[in-house]
1. Which of the residues that make up region 1-59 are within 26 Å of residue 77 (Cβ to Cβ) and among the polar types (S, T, N, Q)?
2. Restricting the first residue to region 190-214 and requiring it to be farther than 19 Å from residue 27 by Cα, which pairs with a second residue that is surrounded by fewer than 12 Cβ atoms within 10 Å (Cβ to Cβ) meet a Cβ separation below 8 Å and a spacing of at least six or different chains?
3. Before we move on, is residue 171 at pLDDT 95 or above and either surrounded by fewer than 17 Cβ atoms within 10 Å (Cβ to Cβ) or within 16 Å of the chain's Cα centre (by Cα) (or both)?
4. Just for region 112-162: of the residues that are among the charged types (D, E, K, R) and touching a residue at least 12 places away in the same chain (Cβ under 8 Å), which one is least open to solvent (accessible area, probe 1.4 Å)?
5. Being in a loop (DSSP other than H, G, I, E, B) and either closer than 24 Å to residue 67 by Cβ or among the charged types (D, E, K, R) (or both) is the filter here; which residues of region 137-163 pass it?
6. Test of understanding: among 134, 130, which residue is assigned to a helix (DSSP H, G or I), of a type in the set (Phe, Trp, Tyr) and over 21 Å from residue 12 (Cα atoms)?
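The values are calculated or read from the model by the stated rules, or taken from the named source; none is laboratory data. All figures in this text were calculated on a predicted structure; none of them were measured in a lab. Note that we place each Cβ from the backbone using ideal geometry, even for glycine, and neighbour counts take in every protein chain shown. Heads up: the accessible areas ignore ligands, DNA and RNA and are worked out on the full protein's heavy atoms, side chains in. Shrake-Rupley method; radii C 1.70, N 1.55, O 1.52, S 1.80 Å.
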Amino acid sequence: MKFYGYFRSSAAFRVRIALNLKGLAPELASIHLRRQEQTSPAYTRINPQQLVPALVLDDGTVIAQSLAILEYLEECYPDPPILPRDPAGRARVRSLAMIPACEVHPIQNLRVLNHLGAAYGQDDAGKQAWARHWIEIGFTAYEASVADDPKTGRFSHGDVPTIADMCLVPQVFNARRFGNDLARYPTIMRIFEACMALPAFDQAQPSKQPDAEP
């Protein structure tokens, strides 16, 4: 397998965690988003969406979108599991995962922030305020979803990490970068600390990637 990512990409971060947990070490290829390498003809042929991550299988099959990659890894490499075994538990984990992955991240990622500047004249302060707003809405919902639910354990669902945690942790990194007040989300931060104590999460963080930059 070959994995195309970028050290600061939240979506690539999610997949790196899963790869680490499952003991998989694909060939790595960095696509530098700020240098627009994702728009190159060569990469566009691999992933017409011009996004990272992308996972290329040994037979040439390309899987784009981080949630699809996570589901593929779970189906093909089921141990250790990153989804619960019961249908209701799997649905809860997927629902939690979609808060950061679908409701927050897409509207505060790099290309959206760049568009805010180019099309609407927002400076860096305006872009950061936009990002904080959407993170706050998503984190408020996530906190309420896990804080008093008996199905929440050490992690977002029970006592083993799941896809929900893999989507939450990168968004906490983003929230810190944009200056959100994370003291408002004690359950999220407790889960975050439990995750980051695991080598699979720690080694997946942006600063520890081969293409990391200051």
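1. 9, 10, 20, 30, 47, 49
2. 202/208
3. Considered against the rule, which asks whether it is at pLDDT 95 or above and either surrounded by fewer than 17 Cβ atoms within 10 Å (Cβ to Cβ) or within 16 Å of the chain's Cα centre (by Cα) (or both), residue 171 comes out as yes.
4. 143
5. 148, 149, 151, 153, 154, 155, 156, 157, 159, 160, 161, 162
6. 130
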